[in-house]
Amino acid sequence: MYVCICRAVTETVVQGCIADGARTVKDVVKRCEAGSGCGTCVGKILALLGTGASEMSSSLQRSA
């Protein structure tokens, strides 16, 4: 299943990034570009990272 439609990145690819050491959304963006388009997939990436909505909230507050 696609996690990031903008960059056509699947859940398997994101899980591979995590297995290779990605610990943040920025890490995932650097490795496979998922999350670098419209941003809709950031929540899915966070869920795969296991960090939940609290990190997403903190990230949004920092960028505001």
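Among the conditions (1) of a type in the set (Val, Ile, Thr); (2) in contact (Cβ under 8 Å) with a residue 24 or more places away in the chain; (3) in contact with a strand residue (DSSP E or B) (Cβ under 6 Å, 6 or more places away or on another chain), Thr10 misses just one, which is (2).
Scanning segment 6-36 for residues that are part of a helix (DSSP H, G or I), basic (Lys, Arg) and farther than 14 Å from Leu46 by Cα turns up Lys30, Arg31.
Hey, any hits in segment 20-35 for a residue that's among the hydroxyl-bearing types (Ser, Thr, Tyr) and modelled with pLDDT under 95?
No: segment 20-35 contains no residue that is among the hydroxyl-bearing types (Ser, Thr, Tyr) and modelled with pLDDT under 95.
The values are calculated or read from the model by the stated rules, or taken from the named source; none is laboratory data. Computed from a predicted model, the values in this text were never measured in an experiment. Quick reminder, even Gly has a Cβ in these numbers, built from the backbone with ideal geometry, and neighbours come from all protein chains shown.
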